[in-house]
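*Asks:* Please read through the structure below; I'll follow up with questions.
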Amino acid sequence: MQGGRGSGRASTGQVRLWGRHAVEAALKNPARQHRKLWATRDGVASLDGELPADFPVEYADTPDLDRLVARDAPHQGLVLECAPLEDLHLDEVLDADNGRPILVLDQVTDPHNVGALLRSAAAFGAAALVTQDRHAPPESGVVAKSASGALELVPWVRVVNLARALEQMAEAGYWRIGLAGEADAVLADALPAGPVALVLGAEGEGMRHNIAEHCDALARLPIAPAMESLNVSNAGAIALYAIAARNG
């Protein structure tokens with residue numbers, strides 16, 4: 001039981017995932033290289049489909065699995081160690097012709113929020129998630145559990161320079177909309193007919209000035225005056241729904 005109680009650390013160069021949806025999606029993803037599955041028998045029985053006959057499984061009791069994941073993590077009897085997903089380049093996901101939005105995060109560092117945003121991106125048909133490499137959480141069990149399988153479905157592109165990435169999106173035909181509570185326009189009025197790159201900043205600080213300057217428009221959600229703002233993952237979900245509803 002490598003790593004000790006509550007560490008959640010995988011072997012060097014590996015990622016440890018837990019929870020039925022996250023593990024099941026990773027097992028079904030042909031882009032994943034799997035190293036080992038620790039599981040209770042009930043956990044394996046809960047999976048959709050059969051494991052290959054030669055799949056490396058070590059059956060364990062729940063207290064043993066508790067030692068493999070972050071403290072109090074709801075592993076549901078399944079812990080998978082696997083290789084991280086291959087890095088993607090931005091030009092691999094830019095396809096304005098398909099009309100699907102791209103979700104851009106500026107210094108959103110909470111893995112629960114990033115996971116929840118991946119889940120919303122999958123639900124509302126976003127083509128990709130783009131973050132700055134240095135100011136985003138790593139691929140992890142927390143992100144995967146919060147994403148509920150969407151980590152395997154939505155391409156996640158990490159870039160060195162987010163401003164330059166936004167320039168590339170504009171060159172590819174995307175209209176860049178930054179979500180900002182202080183904006184005059186509401187999102188529904190700012191949406192164009194074509195493809196959108198939706199930019200969200202960190203909670204509290206919002207988008208950095210340089211990133212806001214690389215947006216074609218800033219827009220806000222029409223929330224009641226009694227509430228100052230929404231959690232970034234909630235705001236992202238609502239904005240992605242608005243884009244999907246516009247697309248029909």
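The values are calculated or read from the model by the stated rules, or taken from the named source; none is laboratory data. Please read these numbers as outputs of a predicted model, since none were measured by experiment. Here the Cβ is made from the backbone with ideal geometry for all residues, glycine too, and neighbour counts use every protein chain on show. What goes into the accessible areas is simple: the full protein's heavy atoms, side chains included, and nothing from ligands, DNA or RNA. Shrake-Rupley method; radii C 1.70, N 1.55, O 1.52, S 1.80 Å.
*Asks:* Being basic (Lys, Arg), open to solvent by 20 Å² or more (accessible area, probe 1.4 Å) and more than 20 Å from the chain's Cα centre (by Cα): is that true of ARG20 here?
*Replies:* On the way: basic (Lys, Arg): yes; open to solvent by 20 Å² or more (accessible area, probe 1.4 Å): yes; more than 20 Å from the chain's Cα centre (by Cα): no.
No: the conditions fail for ARG20.
*Asks:* Can you tell me which residue within the stretch 98-116, out of those that are among the polar types (S, T, N, Q) and in contact with a helix residue (DSSP H, G or I) (Cβ under 9 Å, 6 or more places away or on another chain), is surrounded by the most Cβ atoms within 10 Å (Cβ to Cβ)?
*Replies:* Of all residues in the stretch 98-116, those among the polar types (S, T, N, Q) come to 98, 107, 109, 113.
Retained after the next criterion (residues that are in contact with a helix residue (DSSP H, G or I) (Cβ under 9 Å, 6 or more places away or on another chain)): 107, 109, 113.
Numbers: GLN107: 19, THR109: 13, ASN113: 22.
If we take residues in the stretch 98-116 being among the polar types (S, T, N, Q) and in contact with a helix residue (DSSP H, G or I) (Cβ under 9 Å, 6 or more places away or on another chain), then ASN113 is surrounded by the most Cβ atoms within 10 Å (Cβ to Cβ).
Matching residues to (1) of a type in the set (Gly, Ala, Ser); (2) within 17 Å of TYR241 (Cα to Cα); (3) open to solvent by less than 50 Å² (accessible area, probe 1.4 Å):
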{"residue": "PRO56", "(1), (2), (3)": "no, no, no"}
{"residue": "ASP66", "(1), (2), (3)": "no, no, no"}
{"residue": "CYS82", "(1), (2), (3)": "no, no, yes"}
{"residue": "GLU86", "(1), (2), (3)": "no, no, no"}
{"residue": "LEU94", "(1), (2), (3)": "no, no, yes"}
{"residue": "LEU118", "(1), (2), (3)": "no, yes, yes"}
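*Asks:* As an exercise: evaluate ASP133 against (1) buried (at least 20 other Cβ atoms within 10 Å of the Cβ); (2) closer than 28 Å to LEU68 by Cβ and give the number of the one condition it does not meet.
*Replies:* All conditions pass for ASP133, except number (1).
*Asks:* Just need a number here: residues in the stretch 141-162 that are open to solvent by 30 Å² or more (accessible area, probe 1.4 Å) and in contact with a Leu (Cβ under 6 Å, 6 or more places away or on another chain).
*Replies:* Number satisfying all stated conditions: 2.
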